[in-house]
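Notes follow once the structure below has been shown.
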Amino acid sequence: MKDTVDSYVTADGRTIGGVMMEMKNITLRFGGVVAIKDISFDIREGEIRAIIGPNGAGKSSMLNVISGFYHPQEGEVWFRGQRRPSMRPYQVARLGIARTFQNIALFEGMSVLDNIMTGRLTQMKSNIIQQAIWWGAAEKEETANRERVERIIDFLEIQAIRKTPVGRLPYGLKKRVELGRALAAEPKLLLLDEPMAGMNVEEKEDMSRYILDVNDEFGTTVALIEHDMGVVMDLSDRVVVMDYGKKIGDGTPDEVRNNQDVIDAYLGVSHD
Amino acid sequence: MTVPDMGSIPALLRRNAQSFGDQPAYREKEFGIWQAWTWAEALDEVEGIALGLLSLDLQPGEHVAIIGRNRPELYMSMVGVQMAGGVPVPLYQDAVAEEMTYVLDHCGARIVIAGDQEQVDKVLEVRERVTGIEQMIYLDTRGLRKYDHTHLHSLKDLIAKGKAAADLKPVLQSRGAALDMQSTCVMLYTSGTTGKPKGVVLSNHNIIETSRNSSDFDHLGQGEEVLAYLPMAWVGDFIFSIGQAYWNGFCVNCPESADTMMTDLREIGPTYYFAPPRIFETQLTHVMIRMEDAGGLKRRMFHYFMDVAKRVGPALLDGKAVSGSDKLLYRLGEILVYGPLKNTLGLSKVRVGYTAGEAIGPEIFDFYRSLGINLKQLYGQTEASVFITQQKDHEVRPDTVGTPTPGVELKIAENGEVFYRSPGVFQEYFKNADSTAGTKDADGWVATGDAGFIEADTGHLRIIDRAKDVGKMADGSLFAPKYVENKLKFFPNILEVVVFGNGRDMCTAFINIDLTAVGNWAERNNIAYGSYQELAGHPQVLSTIQAHVEEVNVSVAEDEMLSGCQIHRFLVLHKELDPDDGEMTRTRKVRRRIVEEKFADLIAALYDGSSSVSTVTEVTYEDGRKGAIKATLELRDAKTHQVAQRMAAE
């Protein structure tokens, strides 16, 4: 039903648009190791798309292909109807794709506010000299950027740690700050690499709410990798399942849950 | 000065908008910046809210529930409800759906104004059980856009809708004109530690007269700055942030979020500040811990000048004479220590500070006063529109709650219970005539439920205990267990105390040590212990506790009325009193009767003079299993003091 290109409305009233990003027959090799083997799937405008799979299935590699960090040996990446050539990560960022990392990658010595401000980098146009002497466009730009960042701080409810150095924060909050930095780039597509790894139930619930709210309030398309099945099944509209670099399932959470290949990959099969 | 056009809160708002419309009425920190509303803007918004409520067909006298954290729009909503002829009923925002059900059902609110999605969800959950709720209004749109909006309105939309409806303006005018001193201003629910919450109905007269009297008492003016961070459902917040704020026209500042309160406090620098003892205590602990981590020079300087402050500060605040050299030292300390410290705490501009609600430890109280912060105590309750007694400047002591607020009369009943009569006395408990009659008599005297006495020479009221806990000892002298227990609990080593003596010839006590404090002490002094029980029974611990008890006996003995409550014998319990074992309530209040039954053998030993006692106590583990612990406890005698001469001399 959802293979049609037309947009549709989900049960909770969100509108899912046409295809935003399409991965066509992607194969990625590291030397002799095949990390991703001939995988195709798409991400539609406004949806929450999950990539799941056991350890070593190639999920993070897939995310790195989407973010332009890895260049697949075979296959094509299409973004909004155009074939995307090999790009450097900053060029991908300018296309409106932002990400968070599995192992938090923030500037530990800088405040939360400054860390999130770095997410505005792609939006800044004044040059280094203007910024250094705080003149002309630089001043106006800073104010506008700060305003945007303050809205994100408000949205993520981290006002109390605005001026706190990131290094002093607990893990769950760092994850939230990282999400804030990704949001500061005003992405059209947000890539989240295990946003809930290592969190307790309460932190997971909070994070889930933020992901849903980001999708709902800003209309941001979200692609995420996650291990917690409960979270994935609750959050996502469609799920891609990978195992040993291959795609073994693709569909709504219910479809995936009942897919025999998926069950086998997760629970194992007896060899007799 | 009860001019007819000042007979309601909305009327005061109009006056303020007219007299100083360009002055700030509200500030809230949002997006990192303090956003302000002037009185003129506030009036415009309140009118908009009132019109919006009229568009939902609000009837005169109708209750409108308001739930959320302290935000200007919610305060303005309360006044908007009043302007449209309704009665605001603020609820505790942290109440779970269950507790909310009772109150919403009881007040019969048809319209609910909620702060955000969390509160909306809670009310939606409750709505299945409470039939009355028809319309909901919310402030923060986040996460709510996809909700069914047939009975749900964003405040902004509602204001726009109300302002657009031309036919509502005359209705608003007539509703406003109908308000006078006799009409109901607000209904506040008491927190309900005893039984179901009761809806206390307060009139405009109650709120405005009380605000006027208490403002005169402390010379509050238009220039005050306050931080509104205590629950909006609490009567104190209503008096400070609406009553006194509208009467004087001062600005109410709302924090960015609950977590940023301390930062916001520092940025605002309130001149008029209220906090329960718990907040002062936490702040002091933070200061002390951070000082321990500071460098040697700073630490020495801090301790030296704090000693000076302790000696000189309170005397200076009380306007007493201080030697020239002390004055000079204190001034130097102000520059080096007190000033920066007060700035860090956000208290440098406090002109009038209050604490109330429960007893505050004298050292905590003196610490703030010695810094030059005019911290005072007051005694009040919802039924009195807060104020019963307050401490005058220069007449501040940690052990009294001050003299009656202007307009308040006090009397002490036969059994020691405090009664008062004042312009602030509530109208009635909503839908509860029995309780009203049981609390307020025909002449307007209200029973507080607290026992106390008025000091003959100073006129200060002293509260000693809940009236129902106060008894008589065998020789007829007053027995007030909590008075002594509180004194003991101010020692960090002591967690809990239960004093016995009702109907007996002497007082005795059970004591629980504080494992953190005593454990810390044991660690520093290399005292090995394997369990709570072992530490509690350690002779050195017992000696420390004995010293505390004897110190308290000295101070109790100074009190003519209560000198009989000195503790003659005590023991340190081998287990902590625990709600799981039914010895305490979930809010950690000792259940006296159960403790008396359960430990009857220990009490008997305290009174039969034996020096040790063996006992077996049943305990419940967290998973519900039961076990027993055996212990042999040492009983100690404490030194007591004679005061009979003073009694005889009278």
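The values are calculated or read from the model by the stated rules, or taken from the named source; none is laboratory data. Since the model is a prediction, treat every value here as computed from it, not as a measurement. Methodologically, a virtual Cβ is constructed for each residue, glycine included, from the backbone with ideal geometry; neighbour enumeration extends over all protein chains shown.
The set of residues from the range B:589-626 being among the small types (G, A, S) and either modelled with pLDDT of 85 or more or outside the structural domain of B:E560 (by TED's automatic domain parsing) (or both) comprises B:A600, B:A604, B:A605, B:G609, B:S610, B:S611, B:S612, B:S614.
Counting only helices (runs of 4 or more DSSP H) that sit wholly inside the range B:201-308, those with at least 1 residues that are within 14 Å of chain A (Cβ to nearest Cβ) and surrounded by fewer than 20 Cβ atoms within 10 Å (Cβ to Cβ) are B:261-268.
Residues that are buried (at least 21 other Cβ atoms within 10 Å of the Cβ) and either among the small types (G, A, S) or not in a loop (DSSP other than H, G, I, E, B) (or both) within the range B:570-594 comprise B:F570, B:L571, B:V572, listed in sequence order. Condition test on B:G339, is it touching a residue at least 24 places away in the same chain (Cβ under 8 Å), farther than 30 Å from B:A451 by Cα and of a type outside the set (A, V, I, L, M)? When the stated conditions are applied, B:G339 does not pass them. Scanning the range B:420-452 for residues that are hydrophobic (A, V, I, L, M, F, W, C), within 21 Å of the chain's Cα centre (by Cα) and over 16 Å from B:A359 (Cβ atoms) yields B:V425, B:F426, B:V446, B:A447. Among the residues of the range A:198-209, not a single one is away from chain B (no Cβ under 14 Å) and in contact with a Leu (Cβ under 7 Å, 6 or more places away or on another chain). For B:E41, the requirement of being of a type outside the set (A, V, I, L, M), within 14 Å of chain A (Cβ to nearest Cβ) and closer than 30 Å to B:E118 by Cα is not met. For the range B:350-372, the tally of residues that are over 13 Å from B:D399 (Cα atoms), in contact with a Phe, Trp or Tyr (Cβ under 9 Å, 6 or more places away or on another chain) and part of a loop (DSSP other than H, G, I, E, B) stands at 4.
Can you find a residue in the range B:7-30 that is modelled with pLDDT of 95 or more, in a strand (DSSP E or B), within 14 Å of chain A (Cβ to nearest Cβ) and under 29 Å from the mean Cα position of the chain (by Cα)? Yes - at least one qualifying residue is present in the range B:7-30.
Here is a yes/no grid of residues against (1) at pLDDT 90 or above; (2) more than 24 Å from B:N432 (Cα to Cα):
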| residue | (1), (2) |
| --- | --- |
| B:V87 | yes, no |
| B:R110 | yes, no |
| B:V120 | yes, yes |
| B:R127 | no, no |
| B:Q135 | yes, yes |
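Restricting B:T544, B:T640 to those that are surrounded by 15 or more Cβ atoms within 10 Å (Cβ to Cβ), among the β-branched types (V, I, T) and part of a loop (DSSP other than H, G, I, E, B) reduces the list to B:T640. B:G313 falls short on exactly one of the conditions (1) small (G, A, S); (2) surrounded by 13 or more Cβ atoms within 10 Å (Cβ to Cβ); (3) over 30 Å from the mean Cα position of the chain (by Cα), and that condition is (3). Looking at this structure, is A:F79 outside the structural domain of A:T221 (by TED's automatic domain parsing), surrounded by 15 or more Cβ atoms within 10 Å (Cβ to Cβ), at negative phi and of a type in the set (F, W, Y)? No, not satisfied. Go through (1) hydroxyl-bearing (S, T, Y); (2) at pLDDT below 90; (3) within 19 Å of the chain's Cα centre (by Cα) and name the single condition A:S61 misses. That leaves (2) as the condition not met. Report whether or not A:L173 is touching a residue at least 24 places away in the same chain (Cβ under 8 Å) and either on the phi < 0 side of the Ramachandran plot or assigned by TED's automatic domain parsing to the domain that holds A:E45 (or both). So A:L173 does not fit the description; no.
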